[in-house]
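Just below is one structure, and these are the notes that go with it.
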Amino acid sequence: MVHPGNGIMIRHLRNIGLRFALRSLRIFGAADKADALLLSQQRKRGSVALIWALAETGDRLSAGLSEKLAKLSGFETVVVVCPPRVFSLLRSEGHFFETLPAPDEILSSGISSNWALYLRRRIARIRKNWGPDFEAVVGPEPEVYFEAILNGSEDSGLS
Amino acid sequence: MELDVLYLADLRFPGGTSTSLKYDLRACKQAGLRAGVVPLLSPLFARCQIPNSALLAEIEATGTVIVPQDERPKARVALLYHPSLLDKTVHLPAGFDADVFYCVVHQPTRDRRGRPYYRTEHWSGLAADWFAHDLRLLPVSDVVREDLARHGFSHALHPANWNNLIDPQDFPQKRVQELTSPLKIGRHSRPSRDKLPSPQVALQCYPQHPDYTHLMMGVPQDFLDAFDTLPWNWQIYSFSSRPVSEFLQSLDIYSYFHSDSWVEAFGYNVLEALATGLPCVVPHYLQETFSEACFYAGPAEAPQLYARLGSDRALREEASLRARALVGSRFGLDQFAKKFEKVVEAPKTSSPGNGRLPRTSERPVVLSVTSNGVGLGHLTRQLAIAESLGPAVKVVFFSLSEAIEVARSMGYLAEFRPFHRRLLLDVDEWNAFFFQEMREALSHYKPSLVLFDGNMPYSGFVDALESYGKCCRAWIRRGLWRTPQPDSIAREGFFDAVIEPGELCEAMDLGYSRMNPDSVSSVNPVLMTQPAQLLDRAAARRALELPEAATLCLVQLGSEANFNMSVPRELLFDFLDRHPQVIAVDFRSPLHMKSHGDIHERFLQRRLFPLGRYLKAFDFAVCASGYNTFHENIAAALPTLFIPNSNPETDDQDARALHGARAGWNLASTAEDPYEIETQLRKLLDAEIRQDLSLACAQKTGCWDGAGQIARRLRIQARLPWSTQATAS
């Protein structure tokens, strides 16, 4: 049983941890980003945060995502993986974005292919291409969000 | 899929081969037989060579089946419709089953100097290994038959020829009448150097003489360049500048001579002249094909025949009758059933070769790739084409546009990849990224067709296409370029089709996008919304929740990502201050970064895509003259003040706005001229001026189906099904 006051304390500690992590990155240098194809040389020298917000549903940023973006504002590069309807909002804040087809879109597309392999590889490439120093999740983790597809048959007949 | 005749054919031959196929398809239908076509790519042409438009039209008119990519058809007779297709570069993935298979030989193996027109050494092996049949040849004439026999193919020759056919109804008979001097002597051919004699010989058979005018349609420039001064009695017309039948009607005598190295396999141009009933003067060897229907001569003897024919009406009448009789008896459409019966064979109990492929019920995928753009132009055209392709295919968007949500919201599976510009990436590094993403997507989606809309196919993109190598590729590319872009033009060769959506202001186009006219085909303007789909004024206002009685001004000044529209905006606000009856509605692009906030109480901001159906809601509009807005507003007859985005990176929006203003379709002003904008805005309040603009726009009818034209063309070239029923049958 978590005491109601504990949540605030945990968030506070997380914020302290994030600030500490950012300071460490600046002192000791960011992760090696040699393979991060989507970072310019300048951005490779800075810190990168990657947020998975795959289940954003509204036309506006959810409170959770807004809060997360505020917390990560110290990162030079912030990338959000989210549905495209919030791209323009993210762009106006100077963030970058990626997207993945939602499970329901995949199912209704009628395209039967090896989606599990495609999504696993795509998720891995997003991580590799951006070389994040820090990853956060708003809503489900990508592996949970795509669970039904990733755990399905390799030749899933999704049509 | 069961067919009587399966044509494995290249649809890009500019001359007789395509014309003969056109009439074969018509004749086949008239004979009650079912024909299908599998388009192939002969090594004779550049990949992006434009298909023969008359042949494409015939395919549509006859309802000829284009065999979808994943279909393995069964046919009573399969015809490989040109010997150049029996080549190691020609690929036929799904194969076919046929009772009998022939290669129709439209050309002799060698010219008169012994130079091969095409390679024949692997014919038997390719026929057996790739087409699972013995090599069997159907020459189109005895000229070709003798050549094949001379070069060791007697064993493969079928006893019958596959005669070219013609529909005499397409070539009304020229009435024989008294002639006036000078005689009109003419010829037509595709503009190839081989199709004309040497300049010295040409002056023998087409002499400078006051009694003759020589009309020539389809003459290559390098032939004309050989003359210091062109003979004064020659009239030159470009290839296909006039309908062939119309050209032939203008002649008194037809005279066809060619280079001394060329061998005319059949002489389809001569057949067209005979069908018109013209007396034809041609080389002696064509007697094998046209018997007594022509006059045969050497080039130097031809003028004597012209003189004889010119003075002897009875001879011309007799020649006309003989010509039409031969065409009817040997080359008329009703001959198809006979030639078919000669080559058809009893069905085999089991088909050789690869077994029948499992038939998949999946609809083929079309991968629609759009560049980033500063607006929605690329994406909008692709959406219009996707809608026209219909439910028989699954369109997936793979876009660099940050506005990709518009495709997703219309129900398409839509992927997005970041573009280098906003990331400030080195272009080469970004291309490495895009190659990996594109290549992965191609392997995953296995598209039958990749459609690209953008001005520059990125190297990462074309490299991925080449690496994958299994799909048809089309480049949709609007014109009106401001400057030459040779690097972009050089990439046409990666595509099977380069299609330019039509421009109403085509006359203003400097032609930089058409450096290779043989590669680029044009269609009508591409619109998301057809005029017939527009809601009326009241319904549109209700749908948009806009007041019924107000004077409504539509504002669409673009994303303003690369051009400052602040002057027009400020003037609009002043205009609203002075005219309280006007409400302006600014439909924001999904690419707009930020709202301008509450700038004016009667300046409403909305988001809606596509807007086309609702254009009748507005009394007038103030818009940038991007491709889509310009054409949609004119198609909707919406009085518009166009203010071009003059950024040098965009298409020539200034030309578009200017052309429309001169034509009376719209008003125009530059964004930097507040006085002109003010003047034009005032005009838009005048109901009479608005009506004049509207009426001028409404004159443009029947030219808005570019998206449908592209879809029809790509269904043929990429072998896509025509409807969901077609795939299920």
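The residue that is farthest from the other protein chains (Cβ to nearest Cβ), counting only those in segment B:421-440 that are over 28 Å from the mean Cα position of the chain (by Cα) and among the aliphatic types (A, V, I, L, M), is B:VAL427. Give me a count of the residues in segment B:677-712 that are assigned to a loop (DSSP other than H, G, I, E, B) and under 30 Å from B:SER566 (Cα atoms). Here the count works out to 2.
Among all positions in segment B:15-30, there is no residue which is out of contact with any His (no Cβ under 9 Å at 6 or more places or on another chain), of a type in the set (A, V, I, L, M) and assigned to a strand (DSSP E or B). Take the conditions (1) within 19 Å of the chain's Cα centre (by Cα); (2) crowded, with 19+ Cβ neighbours inside 10 Å; (3) more than 7 Å from every other protein chain (Cβ to nearest Cβ); A:ILE106 misses just one of them, which is (1). Restricting the first member to segment B:626-641 and to residues that are among the hydroxyl-bearing types (Ser, Thr, Tyr), and the second to residues that are in a helix (DSSP H, G or I), the beta-carbon pairs closer than 8 Å and six or more apart or on different chains are B:TYR627/B:GLY377; B:TYR627/B:ARG381; B:TYR627/B:ARG656; B:THR640/B:ASN633; B:THR640/B:ILE634; B:THR640/B:LEU693.
When segment B:557-603 is limited to residues that are part of a strand (DSSP E or B) and modelled with pLDDT of 90 or more, the one that is nearest to the chain's Cα centre (by Cα) turns out to be B:ASP586. Per the listing B:SER181, B:SER240, B:SER192, the residue uniquely in the same structural domain as B:VAL281 (by TED's automatic domain parsing), on the phi > 0 side of the Ramachandran plot and not acidic (Asp, Glu) is B:SER240. Put simply, of B:ASP673, B:ASP619, B:ASP651 the only residue that is more than 22 Å from B:ASP574 (Cα to Cα) and of a type in the set (Asp, Glu) is B:ASP651. Just one of (1) more than 30 Å from B:THR120 (Cβ to Cβ); (2) of a type in the set (Gly, Ala, Ser); (3) touching a strand residue (DSSP E or B) at 6+ places or on another chain (Cβ under 9 Å); (4) in a loop (DSSP other than H, G, I, E, B) fails for B:ALA226. It is (3). For segment B:401-421, give me each residue that is more than 24 Å from B:PRO364 (Cα to Cα) and charged (D, E, K, R). Result: B:GLU402, B:ARG421.
Using beta carbons and a limit of 8 Å, which pairs, at least six apart or on different chains, have the first residue in segment B:194-205 and charged (D, E, K, R) and the second one surrounded by fewer than 16 Cβ atoms within 10 Å (Cβ to Cβ) and outside any helix (DSSP H, G or I)? From segment B:194-205, the pairs are B:ASP194/B:SER261.
I'd like the residue in segment B:404-415 that is out of contact with any helix residue (DSSP H, G or I) (no Cβ under 6 Å at 6 or more places or on another chain) and either modelled with pLDDT of 95 or more or assigned to a loop (DSSP other than H, G, I, E, B) (or both) and, out of all such residues, is nearest to the other protein chains (Cβ to nearest Cβ). Top of the filtered list is B:GLU415. Residues in segment B:446-497 that are part of a loop (DSSP other than H, G, I, E, B) and aromatic (Phe, Trp, Tyr) were compared, and the one that is farthest from B:ASN645 (Cα to Cα) is B:PHE495. Restricting segment A:109-120 to residues that are out of contact with any His (no Cβ under 9 Å at 6 or more places or on another chain) and not hydroxyl-bearing (Ser, Thr, Tyr), the residue that is nearest to the other protein chains (Cβ to nearest Cβ) is A:GLY110. Looking only at residues of segment B:180-212 that are in contact with a Phe, Trp or Tyr (Cβ under 8 Å, 6 or more places away or on another chain) and among the β-branched types (Val, Ile, Thr), we find that the one that is farthest from B:SER259 (Cα to Cα) is B:ILE185. When the residues of segment B:387-402 are filtered to those that are touching a Pro at 6+ places or on another chain (Cβ under 8 Å) and more than 8 Å from chain A (Cβ to nearest Cβ), the one that is surrounded by the fewest Cβ atoms within 10 Å (Cβ to Cβ) is B:ALA392. Screening the candidates B:ALA671, B:ALA624 for the property of being in contact with a Leu (Cβ under 6 Å, 6 or more places away or on another chain) and under 16 Å from B:GLN556 (Cβ atoms) yields one hit, B:ALA624. Of the set (1) modelled with pLDDT of 95 or more; (2) farther than 22 Å from B:LEU424 by Cα; (3) within 13 Å of chain B (Cβ to nearest Cβ); (4) touching a Leu at 6+ places or on another chain (Cβ under 9 Å), all apply to A:PHE96 but (2).
Residues of segment A:44-86 that are assigned to a helix (DSSP H, G or I), within 14 Å of another protein chain (Cβ to nearest Cβ) and surrounded by fewer than 21 Cβ atoms within 10 Å (Cβ to Cβ): A:LYS44, A:ARG45, A:ARG85.
Quick check on segment B:39-64: of everything there that is outside any loop (DSSP other than H, G, I, E, B) and out of contact with any Lys or Arg (no Cβ under 7 Å at 6 or more places or on another chain), which residue is farthest from B:LEU714 (Cα to Cα)? My answer is B:ALA61. Of the residues making up segment B:441-463, those that are within 14 Å of chain A (Cβ to nearest Cβ), buried (at least 19 other Cβ atoms within 10 Å of the Cβ) and of a type outside the set (Phe, Trp, Tyr) are B:ALA441, B:LEU442, B:HIS444, B:PRO447, B:SER448, B:GLY460.
The values are calculated or read from the model by the stated rules, or taken from the named source; none is laboratory data. Predicted model, so just to flag it, every value in this text is computed and none were measured. No Cβ is skipped: glycine too gets one built from the backbone with ideal geometry, and neighbour counts run over all protein chains shown.
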